Structures are given as C-alpha cells and as structure tokens.
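The values are calculated or read from the model by the stated rules, or taken from the named source; none is laboratory data. In this text, all values refer to a predicted model and were calculated from it rather than measured experimentally. Note that each Cβ is placed from the backbone with ideal geometry, even for glycine, and that neighbours are counted across all protein chains shown.
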Amino acid sequence: MIKIKTAAIIKQCILATIMISGIISCKDNTDKSIKEVPVEKPVKKNDEILVENKADSINFKKLLSMQNIGFNVSTTGKGSIQQLTIQPSGLKIDNTKITAEVVGNVTNAEIEDLDSDGFPELLIYTTSAGSGSYGDVIGYSVNNGKSISQIYFPQVAENKQINGGYMGHDQFSIEKKMLVQRFKIYNKDDTNSNPTGQLREIQYILKKGEAAKTFIVKKVSEYPEK
C-alpha cells in the first residue's frame, strides 16, 4: 500500500514538473515576442529622412545691407536646379521671405542704390549649367523703404544690336552705379571653344518702366581680352 502511494506521489511530481516547464517555456516565448515588436523599420525611415535633410546643404550665402535695409541671400539643393531664398530686413511694411528656383548656380550678389532714389537695389548673378555658362541677373528694388519689387533684366540673346557672337560666359558687376556685363565674342557658328579674343562690355542704367524698373543699355564697347 505504501509503495502504491509513493508511486502516485512520484507520478504527480513528474506531471507537476512537466506543467511548470511548459508554463516557463510559454512565458519565455511570450517575453521573446514582446521584445521583438519594438524593432521596426519605420525607425530607420525616420533616420533616412533626417539624412536627406542634412544633405540639403547651403551652396551660396551672403548677407548684404545698405541704408539700414538688409538682404540675406542663400541657395540650397543639388544638381542644375537650386532653391534661392531672399530674406529682407529693415523694410517698414513687408519683409516677407522670397523663394524661387534657379536654373544653374548663384555666383554672386551685390547691393547698390543704382537710380539714386535713396533706397538700394539687390542684384543676384546666376550662371547656367553646361559649357555655355549663360548668365542672368535677378534684381529687386526697394520701394520707398516699405517693400521690394522685381527688376526686369533684358536677355542679350533678344537684342540684335548686341548679341552678335554671343555664346554665354557672362561676367557681371556693379561699377559707378551701373550694371556692367562682359562676355567673350565668338565667330558665327563657332563650337563655343574658339573665341575671337575680343570682349564685349555692356553698361546698363536702371530706369522706371511701365510695370517695373528696367535695365536699359547705355553703352556698348569692345576691346581685346587680356
């Protein structure tokens, strides 16, 4: 009789051990599944977004000021199209940030009171991508110290009086309150690799137009390239 009870007790102990092992095993599996849940791909996606934002580095940055009015000019982006940002300051009414797309690169920016009205103009020079390096001017004029409006710059290619032999490679600067543009002159049907050795210089003055202030050609001259 004692042997039977002992055997029954041993059997119960074995069953209890198996049940306890099963419970522990289930708990371990549950713990493992809980630990694996937080490791998700969206975390990596967030990291990738941050990296992309960091890649948007500043390509050009210049702060200009005159007569207590300032302009913070900068560009960001990669490739042939960049984002231009102009943040004015010191204007009495409208200091709204201006953003625009630029095809090519911003090479320089200058400030000057070109029409002697007591308020400055901002000129931003750009160069297109490619072998031609065609230049352009983005200009803004201050309106009585209150706001700014864009200036119209005529393209050389549209002016038959000055576009002969023009194939880009422009250089811009402000000299004696005038905008000066210089470029190499090429022979007709040239491959953009053999200039004649002459430079053409165009001097522009700023005048009021019907809709906006406009650059008008004042003088055109040519001389040998040094």
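Quick notes on this one:
- For segment 167-180, the condition holds for at least one residue, the condition being that it is over 22 Å from A129 (Cα atoms) and not in a strand (DSSP E or B).
- The set of residues from segment 114-136 being part of a strand (DSSP E or B) and either surrounded by 20 or more Cβ atoms within 10 Å (Cβ to Cβ) or out of contact with any Ser or Thr (no Cβ under 8 Å at 6 or more places or on another chain) (or both) comprises E121, L122, L123, I124, Y125, T126, T127, G135.
- Hits in segment 177-204 - residues which are in contact with a Pro (Cβ under 8 Å, 6 or more places away or on another chain) and either at pLDDT below 95 or among the polar types (S, T, N, Q) (or both): K184, I185, Y186, G197, Q198
- Which listed residue, of K218, K207, is surrounded by fewer than 14 Cβ atoms within 10 Å (Cβ to Cβ), under 30 Å from Q87 (Cβ atoms), touching a strand residue (DSSP E or B) at 6+ places or on another chain (Cβ under 7 Å) and at pLDDT 95 or above: K207
- Being under 22 Å from the mean Cα position of the chain (by Cα) and part of a strand (DSSP E or B) is a property that does not hold for F183.
- Residue count for segment 141-167, restricted to those that are out of contact with any helix residue (DSSP H, G or I) (no Cβ under 9 Å at 6 or more places or on another chain), free of Cβ contacts under 8 Å to residues at least 60 places away in the same chain and not acidic (D, E): 13.
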